[in-house]
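Contents: one structure, followed by commentary.
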Amino acid sequence: MKTYIADGMLLVTAIVWGSGFVVTAIALEYLTAYQVMAGRFLLASIILTVLFGARLKKASRSVIWKGALLGTILYIAFALQTVGLQYTTPSKNAFLTAVNVIIVPLIAYAVYKRRIDGYEIIGSIMAIVGIGFLSLQGSLTMNIGDALSLACAVAFAFDIFCTNLFVQKEDAIALTIIQFLTASFIGVLVVISQGEIPTSLEKEAIYSLVYLGIFSTTIAYLFQNVANQYTTATKAAIILSTESFFGMVLSVIFLHEMLTSRMVVGAVLILLAILIAEVKPAHPKKKLMKALDNQTPK
């Protein structure tokens with residue numbers, strides 16, 4: 001039951017992140033990318049510290065360095081994605097970022113030296129193909145922006161894998177607080193170094209930052225970090241890859257983007273990928289043998 005609840009929390013995270021595409025697009029009309037990143041992490045840090053700050057009093061050195069590592073990885077991933085977007089198309093940026101769904105099981109294999117789950121690999125490949133149908137348009141050539149986006153995928157893959165690893169032994173909420181404190185500290189330093197300290201904010205910018213800070217950052221990452229205690233890193237990556245699907249649906253609804261047959265095919269492939277990774281359908285012969293074994297008198 002805990003596994004199903006965890007998967008549900010990851011699905012909620014993917015939906016919220018999908019909505020983040022729409023809200024971020026609005027926020028970027030009034031703020032720079034670095035201001036948006038610093039604002040969302042700073043707000044999330046304040047919220048979690050107010051709600052769960054007491055947990056920090058019991059935080060061990062292990063929690064502190066692991067949370068700081070997660071925060072650094074998270075900020076680097078967002079920075080690579082943001083800078084990469086300046087040199088490539090949004091669709092290619094989204095697709096290459098989502099390649100983390102393939103990288104996560106490879107990292108797990110390299111660290112644990114365990115056999116990779118076949119169903120999760122099939123699900124990962126189907127998910128990345130589906131994301132390709134959703135996102136890729138036009139030229140498939142690679143430039144510096146594409147390379148940065150691919151590096152961003154590696155960073156997000158390490159974030160998912162390290163989170164899944166750390167929360168097995170540490171307090172997930174304390175880890176999340178320190179992760180956000182670290183990311184917001186780096187974000188504020190970058191904004192100051194870029195000379196981008198805002199002197200005034202439009203209402204639309206404030207509303208966008210509040211949404212991104214509360215939902216896309218605080219709730220989403222809290223759900224992700226807690227859920228990772230009860231599922232595998234690869235399955236988490238596959239479920240979180242539905243972010244692109246929900247981003248498409250919400251973009252069609254709120255930004256009035258045109259829905260194409262390619263996008264529908266991509267959405268179906270992503271949903272099938274999740275079913276395969278989640279249900280892991282057994283071979284008919286194996287099912288029969290298991291049923292007969294259960295009926296055999298002990």
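The values are calculated or read from the model by the stated rules, or taken from the named source; none is laboratory data. Owing to the predicted nature of the structure, the values given are computational and were not obtained by experimental measurement. For neighbour counting, all protein chains shown are included, and Cβ atoms are generated from backbone atoms with ideal geometry for every residue, glycine included. These area figures cover heavy atoms from the full protein model, side chains too; ligands, DNA and RNA do not enter into them. Shrake-Rupley method; radii C 1.70, N 1.55, O 1.52, S 1.80 Å.
In terms of its C-alpha gyration tensor, the range 1-46 comes out oblate, because a/c is 1.5 or above while a/b does not outweigh b/c. A DSSP coil position with no more than 12 other Cβ atoms inside 10 Å describes the following trypsin sites (Lys or Arg not before Pro) in the range 1-60: LYS58. PHE254 sits with roughly 130 Å² accessible to a 1.4 Å probe, with DNA, RNA and ligands left out of the calculation. Between rounded, prolate and oblate, where does the range 1-115 land on the alpha carbon gyration tensor, with a ≥ b ≥ c its root eigenvalues, rounded for a/c under 1.5, else prolate if a/b exceeds b/c? Oblate is the answer for the range 1-115, as a/c is 1.5 or above yet b/c matches or exceeds a/b. A Cα-only calculation for the range 142-202 places Rg and Dmax at 15.9, 43 Å. Heavy-atom accessible area for CYS152, with the other protein chains in place and a 1.4 Å probe, reaches approximately 0 Å².
3J(HN,Hα) along the range 258-270: 7, 8, 10, 5, 4, 5, 5, 4, x, 5, 5, 4, 5 Hz, from the Karplus curve 6.51 cos²θ - 1.76 cosθ + 1.60 with θ = phi - 60°, whole Hz, x for Gly and Pro.
Please identify the GluC sites (Glu not before Pro) of the range 161-237 that satisfy two criteria: DSSP loop assignment and at most 14 other Cβ atoms within 10 Å. Which are they?
On the way: sites: GLU170, GLU196, GLU202, GLU204; in loops: GLU170, GLU196, GLU202.
Listed in order of number, the matching sites are GLU196, GLU202.
Across the range 233-242, coupling constants 3J(HN,Hα) worked out from phi with the 6.51/-1.76/1.60 Karplus curve, θ = phi - 60°, read 5, 5, 5, 4, 5, 5, 5, 5, 5, 5 Hz, and Gly and Pro carry x.
Per residue, what volume in Å³ does the convex hull of the Cα atoms of the range 107-245 enclose? Before the final figure, lay out each step's value.
Numbers: hull volume 23.2 nm³, N = 139.
Cα convex hull per residue, to the nearest whole number: 167 Å³.
Determine the alpha carbon to alpha carbon distance for each of LYS2/LYS57; LYS57/LYS169; LYS2/LYS66; LYS2/LYS58; LYS58/LYS235 and list only those over 21 Å. Beyond 21 Å: LYS2/LYS57; LYS2/LYS66; LYS2/LYS58; LYS58/LYS235.
Ranked from largest to smallest solvent-accessible area, with a 1.4 Å probe on the protein heavy atoms, ASP159, ASP117 come out as ASP117, ASP159.
Quick check: residue separation of ARG262 and ALA147 times 0.36 nm, minus the Cα distance between them. What number comes out in nm?
38.9 nm
For VAL210, the accessible surface of its heavy atoms amounts to roughly 60 Å² (probe 1.4 Å, protein chains only, rounded to the nearest 10).
Residue-wise HN-Hα couplings along the range 61-74, as the Karplus relation 6.51 cos²θ - 1.76 cosθ + 1.60 with θ = phi - 60° gives them from phi, are 4, 4, 5, 5, 6, 5, x, 5, 5, 4, x, 5, 4, 4 Hz; Gly and Pro carry x.
Less than 11 Å Cβ to Cβ from ALA237, Lys/Arg counted +1 and Asp/Glu -1: what total charge do the surrounding residues give? Intermediate values should be presented prior to the final figure.
Values: positive: LYS235; negative: GLU120, ASP159, GLU243.
Overall, the nearby charge balance is -2.
Given a Förster distance of 45 Å, report the FRET efficiency between SER60 and TYR109 from their Cβ-Cβ distance, rounded to the nearest 0.05. Provide the component values of the computation, followed by the final result.
Working: r = 29 Å, r/R0 = 0.65.
Approximately 0.95, to the nearest 0.05.
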